[in-house]
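*Asks:* Sharing a structure here in structure tokens format.
Read-outs: derived from the displayed coordinates by stated rules, not from any lab. The structure displayed is predicted, hence computed values, not measured ones. All Cβ positions, glycine included, derive from the backbone under ideal geometry; neighbour counts span all protein chains shown.
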Amino acid sequence: PMVREHFLPEDVKAPKIIARLSANENPYGPPQSAQKAVIESVKNGNRYAWKEMSDLVDKISKKEGVPVDHIMMAPGSSDLLEKVALVLFMNGGNVVSADPCYMSLIKVAEAVGATWKAVPCTDDWSHDLKAMEAAIDKDTKLVYVCNPNNPTGTITSGKALLDFCSRVSEKVPVFVDEAYIELAVDADTQSMISLLSQKKNVIVARTFSKIMGMAGIRVGYMAALPSFLEEINKITRGGMGISYTSIFAASASIDDTDFQVTTRKLNHEAKMYLYASLDKLGYKYIPSYTNFVLFPVNLNGKDLLTKMTAKGISIRAFDVLNKPYCRVSIGTMDEMKAFVNALGQLS
Ligand code: PLP
């Protein structure tokens, strides 16, 4: 793989963290509406939430324009990435994806015996769709696309990806992870869910953890053909891991479009501030369509983590093609100021 992550040395004592910018969370969530829904629904938590879950699926199916039998729920999209990997690769095979990309699905696939066919991203960190298509062989059981991608924050052109998914899914299922898609501003991007109405074998994962600010409340879903979801359901049932209260929080946050619009706007503003500050400090960065930014730094990952943590800033450190990079999540404006201040003091 092109990417290697560094971790904080164990002997480093972390002071109080003042800006947690390491996990691409939404600093404004969960919305008040979702908090209220959790509080009001908790008293009924002695019951299984069959009916309430089905109401939530109805709502999602209307929002996405697909029938209810095209939706599988889960406590976060991680659960779906892992379930799909477990079921598809329990008898081996290979998975094709870009490198770098988000590794959850691939790690589980490899752990149960699959091979990863990693296809390097292009120079602008988008998916090399041509090379990915060429990498598919008779043992390929899934193509995984993360758009916008993590840890790069970059997008792959919507039209090009639509053509790719449309064509390739005739041969092999294409899983598109759209965890950050709602955060993309002025982006040539679009959801691949529309392909399901043409009966294309695409699987699209979405999460309430990012735009909806519910990373700790845990709700996600995937949209796919019923035949695909049946295969997964045979082995590991969708939806069972979601709590009664989370279902109500998800339902309230879908309706709370004000919260989503505000999140997108504040995220964008804080990111623009970060860009301007990085420019001033002489750092180059990879333009991002998400709530995090990846940029090259001049000191190794361990030192970066140690020094930033000492200042109460939590971030991630990666080597990409053997060069050190910092990945910083977009927090509130105050958190970004604290980050920039700490970065400016690095020697
Ligand atoms: N997909 C991508 C690309 C992510 O970056 C993440 C989390 O950061 C996830 C999926 C999983 O998120 P969750 O399980 O909270 O839905």
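*Asks:* What value in Å³ per residue do you get for the convex hull of the alpha-carbon atoms in the chain? Let's see the in-between values first.
*Replies:* Working: hull volume 49.0 nm³, N = 347.
Value for the chain: 141 Å³ per residue.
*Asks:* I've got another one for you. Identify which of K159, K63, K117 has the largest mean-square fluctuation in a Gaussian network model of the chain, with springs joining Cα atoms closer than 10 Å.
*Replies:* Greatest mean-square fluctuation among the candidates belongs to K63.
*Asks:* Still on this model: Could you sort out which of K265/K302; K63/K159; K83/K307; K117/K307; K36/K83; K280/K302 sit more than 26 Å apart by Cα distance in this structure?
*Replies:* Working: K265/K302 33 Å; K63/K159 21 Å; K83/K307 38 Å; K117/K307 36 Å; K36/K83 31 Å; K280/K302 24 Å.
Violating the 26 Å limit, Cα to Cα: K265/K302; K83/K307; K117/K307; K36/K83.
*Asks:* Mind telling me which of V204, V87, V95 comes out most flexible in a GNM of the chain, alpha-carbon contacts under 10 Å?
*Replies:* Looking only at V204, V87, V95, the largest GNM fluctuation is found for V87.
*Asks:* Calculate the length of the line joining the C-alpha centroid of the stretch 265-302 to that of the stretch 323-347, in whole Å.
*Replies:* 8
*Asks:* Between D279 and D139, 0.36 nm times their residue separation minus their Cα-Cα distance comes to what?
*Replies:* Result for the pair: 45.8 nm of gain on full extension.
*Asks:* For a quick size check, give me the Cα extents of the stretch 189-297 along its three principal axes, largest first, whole Å.
*Replies:* Sorted from largest, the Cα extents of the stretch 189-297 read 55, 32, 25 Å.
*Asks:* Taking the Cα centre of each part, how many Å lie between the stretch 155-228 and the stretch 51-123?
*Replies:* Comparing the Cα centres of the stretch 155-228 and the stretch 51-123, I get a distance of 10 Å.
*Asks:* I'd like the Karplus ³J(HN,Hα) series for the stretch 312-329: coefficients 6.51, -1.76, 1.60, θ = phi - 60°, whole numbers in Hz, and an x wherever there's a Gly or Pro.
*Replies:* Values, residue by residue: x, 10, 10, 9, 10, 10, 10, 9, 10, 6, 6, 10, x, 10, 10, 10, 10, 6 Hz.
*Asks:* Then there's this: Whose amide H sits under 5 Å from the amide H of V145, counting only residues 5 or more places off or on another chain, with H placed in the peptide plane?
*Replies:* Sorted by chain and number, the residues that satisfy this are F175, V176, D177.
*Asks:* Given the options Y325, S197, G238, identify the residue whose Cα lies farthest towards the positive end of the charge dipole of the stretch 182-325 (+1 on Cβ of Lys, Arg; -1 on Cβ of Asp, Glu).
*Replies:* Among Y325, S197, G238, the one farthest towards the positive end of the dipole of the stretch 182-325 is Y325.
*Asks:* While we're here: Run lengths n ≥ 4 of DSSP H only: what is the helix-derived mean residue ellipticity at 222 nm for the chain, with -39500 (n - 2.57) per run over all residues, to the nearest 500?
*Replies:* Working: 11 runs with 132 residues, N = 347.
Helix contribution divided over all residues of the chain: -12000 deg cm²/dmol.
*Asks:* For the stretch 236-347, just run the numbers: alpha carbon Rg, then divide by 2.2 N^0.38 Å, N being how many residues it has. If you can, show how the numbers build up before the last one.
*Replies:* Numbers: Rg = 17.5 Å, N = 112, 2.2 N^0.38 = 13.2 Å.
This ratio for the stretch 236-347 stands at 1.33.
*Asks:* Next question, about the same structure. Build a GNM of the chain with springs between Cα atoms under 10 Å: which of D256, D99, D177 gets the top mean-square fluctuation?
*Replies:* Top of the fluctuation ranking is D256.
*Asks:* Continuing with this model, one more query. Can you sort W50, W116, W125 so the residue with the fewest Cβ neighbours within 10 Å comes first?
*Replies:* On the way: W50 9, W116 18, W125 21.
Final ranking by Cβ density, sparse to dense: W50, W116, W125.
*Asks:* Are there GluC sites (Glu not before Pro) in the stretch 166-199 that DSSP marks as loop and that have at most 10 other Cβ atoms within 10 Å, and which are they?
*Replies:* Numbers: sites: E170, E178, E182; in loops: E170, E178.
Sparse-neighbourhood loop GluC sites (Glu not before Pro): E170.
*Asks:* Using the Cα centre as the reference, give the magnitude of the dipole from point charges on the C-beta atoms of the chain (Lys, Arg: +1; Asp, Glu: -1; all else neutral), rounded to the nearest 20 debye.
*Replies:* The calculation lands at about 500 debye.
*Asks:* Place the peptides 304-311, 257-264 in order of packing, highest mean first, counting for every residue the other Cβ atoms within 10 Å and averaging per peptide.
*Replies:* On the way: 304-311: 19.5, 257-264: 15.5.
By packing density, highest mean first, the sequence is 304-311, 257-264.
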